[in-house]
Amino acid sequence: MALTDSIAPYTVTTAEFEFSLTVPAGTGGLEIENLSGQPLRVAFITGKVALPNDTSQSVIAIAPNAHHNFGEVNFEAAGTLYYASSLLNHRFDLILKPEKCDC
């Protein structure tokens, strides 16, 4: 049985505001396709991404119109991803990879 990626579109509706989304349990990989001309800030820790000048290592800035692969991850339990941008109506796609199949 072939497992397929799940792609979900997101839009930042308020600039410099921290949004969150749930990464479902069982996710085996995570990627983001930044579809806008500004960096997208993401973190797995709350309270970091709404500050555009936060340079802590917990914040990942995804370059404009770029793709970021978080590599293999294993969300045995659901996780939370926080994101923000200085651009209103900033669009990006979240790509969830299924767990590896031992079929």
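The values are calculated or read from the model by the stated rules, or taken from the named source; none is laboratory data. The shown structure was predicted, so the numbers you read here are calculated from the model rather than taken from an experiment. Heads up, the Cβs are rebuilt from the backbone with ideal geometry, glycines too, and the neighbour counts pull from every protein chain shown.
Under the condition of being loosely packed, with under 12 Cβ neighbours inside 10 Å and in a loop (DSSP other than H, G, I, E, B), which residue from region 1-13 is modelled with the highest pLDDT?
THR13
Residue-wise test of (1) within 18 Å of LEU87 (Cβ to Cβ); (2) surrounded by fewer than 12 Cβ atoms within 10 Å (Cβ to Cβ); (3) at pLDDT 90 or above.
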| residue | (1), (2), (3) |
| --- | --- |
| ALA25 | no, no, no |
| GLY29 | no, no, no |
| ILE60 | yes, no, yes |
| ASN65 | yes, yes, yes |
| VAL73 | no, no, no |
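Quick check, is SER58 touching a strand residue (DSSP E or B) at 6+ places or on another chain (Cβ under 7 Å), in contact (Cβ under 8 Å) with a residue 24 or more places away in the chain and either more than 20 Å from PRO98 (Cβ to Cβ) or charged (D, E, K, R) (or both)?
Against the criterion (touching a strand residue (DSSP E or B) at 6+ places or on another chain (Cβ under 7 Å), in contact (Cβ under 8 Å) with a residue 24 or more places away in the chain and either more than 20 Å from PRO98 (Cβ to Cβ) or charged (D, E, K, R) (or both)), SER58 does not qualify.
Just to be sure, is LEU94 surrounded by 18 or more Cβ atoms within 10 Å (Cβ to Cβ) and within 29 Å of THR4 (Cβ to Cβ)?
When the stated conditions are applied, LEU94 passes them.
Name, by its number, the condition in (1) under 24 Å from PRO98 (Cα atoms); (2) assigned to a loop (DSSP other than H, G, I, E, B); (3) among the small types (Gly, Ala, Ser) that does not hold for GLY47.
Result: GLY47 fails condition (1) only.
Is one or more of the residues making up region 61-83 in contact with a Lys or Arg (Cβ under 8 Å, 6 or more places away or on another chain), outside any strand (DSSP E or B) and closer than 15 Å to ALA8 by Cβ?
The answer is no; no qualifying residue exists.
Looking only at region 25-37, decide whether some residue is under 15 Å from ASP5 (Cβ atoms), among the hydroxyl-bearing types (Ser, Thr, Tyr) and assigned to a strand (DSSP E or B).
Checking region 25-37: at least one residue is under 15 Å from ASP5 (Cβ atoms), among the hydroxyl-bearing types (Ser, Thr, Tyr) and assigned to a strand (DSSP E or B).
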